[in-house]
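S.K.: Structure provided below as structure tokens; questions to follow.
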Amino acid sequence: MGEPGRERGQKTRGEHLRVGVLASGRGSNLQAILDAIDAGRLAARVVVVVSDRADAQALDRARRHGAKAVFVDPRQHPDREAFDRAMLAVLDEHKVELVCLAGFMRLLTPGFIAAYRHRILNIHPALLPSFPGLHAQRQALAYGAKISGATAHFVDEGVDTGPIILQAAVPVLDDDTEETLSARILAEEHKIYPRAIQLFVEGRLEIQGRRVIIREGS
Ligand code: GRF
């Protein structure tokens, strides 16, 4: 298994990793990443935000931050492979070294994942491997889970199956609705996702099979 921090994304201290964010909607996780960068907690630069929706709030957030915002229209491409190739061309053009999914509502093709092997991260609103896929918070409530949470993980070919980097747990309360549980989980997403990205930036993530070992910082 490769060591992502030692591959193309590796930076020495002081340099800023070039991040591309893929987002379909609200973009609050994108905002958390941008805020962490502004606060000096994340040594990265969001160079481009790509969306499959022209009206994604994430694109506005990118523009406000001075990052390039690009809409790639799925209807302009005959199949998923062609759509992903169009996204890859945008990422390539911006010399993106790490791809962060932030509420991106499409499955990536194997070709895309191969192009950024071990350099794609995602944030999921449940404690994986519980409740992968859509509506994770609704799934947790329906199942009767007492604890749920958020997971930052590498992306592989499966649906939310890649090696786990960080997780945060939150209680599921008796009077929770999907909205209240989602809000409690979202607050944790916003903490752990920028942290996971910073660990990647520092080259401290070592993938050993399914496990991600977090090396000591120097
Ligand atoms: C988050 O709950 C994230 O975990 C999931 O999609 C949602 C995106 O929210 N993958 P936002 O667009 O980042 O606000």
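S.K.: Ignoring everything except DSSP H segments at least 4 long, calculate the 222 nm mean residue ellipticity for the chain; use -39,500 (n - 2.57) per segment, divide by total residues, nearest 500.
M.R.: On the way: 6 runs with 72 residues, N = 218.
Calculated from helices alone, the mean residue ellipticity at 222 nm is -10500 deg cm²/dmol.
S.K.: To continue, here is another question. May I ask you to list the residues of region 117-156 whose amide nitrogen lies under 13 Å from a point 7 Å from Cα along the Cα→beta-carbon direction of Arg26?
M.R.: 125, 135-138
S.K.: Okay, next question. For region 93-205, what proportion of DSSP beta bridges, expressed in % and rounded to the nearest 5, is antiparallel? Intermediate results must be reported in sequence, preceding the final value.
M.R.: Numbers: 11 of 14 bridges.
The answer is about 80 percent antiparallel.
S.K.: Let me know the charge dipole size of region 1-158 about its Cα centre in debye, to the nearest 20, where only the beta-carbon of Lys, Arg (+1) and Asp, Glu (-1) is charged. If you can, show how the numbers build up before the last one.
M.R.: Working: 22 positive and 17 negative charges, 78 e Å.
Result for region 1-158 is approximately 380 debye, rounded to the nearest 20.
S.K.: So how do Glu202, Glu81, Glu188 rank on accessible area, 1.4 Å probe, biggest first, that is with the largest at the start? It would help to have the intermediate numbers written out before the result.
M.R.: Numbers: Glu202 65, Glu81 90, Glu188 45 Å².
Heavy-atom accessible area, descending, gives Glu81, Glu202, Glu188.
S.K.: Grab every C-alpha pair in region 144-184, bin the distances at 5 angstrom width from 0 up to the longest one, and report whole percents.
M.R.: 6, 21, 24, 16, 18, 13, 3, 0
S.K.: Then there's this: If you take all C-alpha pairs in region 17-117, what percent of them are over 21 Å apart? Working shown, then result.
M.R.: Details: 1343 of 5050 pairs.
When every Cα pair of region 17-117 is considered, 27 percent fall beyond 21 Å.
S.K.: Roughly speaking, to the nearest percent, how much of the chain's 1.4 Å accessible area is carbon and sulfur? Provide the component values of the computation, followed by the final result.
M.R.: Details: 5340 of 10580 Å².
C and S fraction of accessible area: 50 percent.
S.K.: Right, something else. Taking only the alpha carbons of the chain, what extent do you get along each of the three principal axes, in Å, biggest first?
M.R.: Projected onto its principal axes, the Cα set of the chain covers 49, 46, 33 Å.
S.K.: I've got another one for you. Which net charge results when you count Lys and Arg as +1 and Asp and Glu as -1 among the other residues whose beta-carbon is under 14 Å from that of Thr109? Let's see the in-between values first.
M.R.: Details: positive: Arg80, Arg85, Arg106, Arg117; negative: Asp52, Asp79, Glu81, Asp84, Asp156, Glu157.
Here the count lands on -2.
The values are calculated or read from the model by the stated rules, or taken from the named source; none is laboratory data. Keep in mind the model is a prediction, meaning the values are calculated, not measured. Don't worry about glycine lacking a Cβ; one is built from the backbone with ideal geometry, like all the others, and counts go over all protein chains shown. Each accessible area value is taken on the protein alone, full model and side chains, heavy atoms only, with ligands, DNA and RNA left out. Shrake-Rupley method; radii C 1.70, N 1.55, O 1.52, S 1.80 Å.
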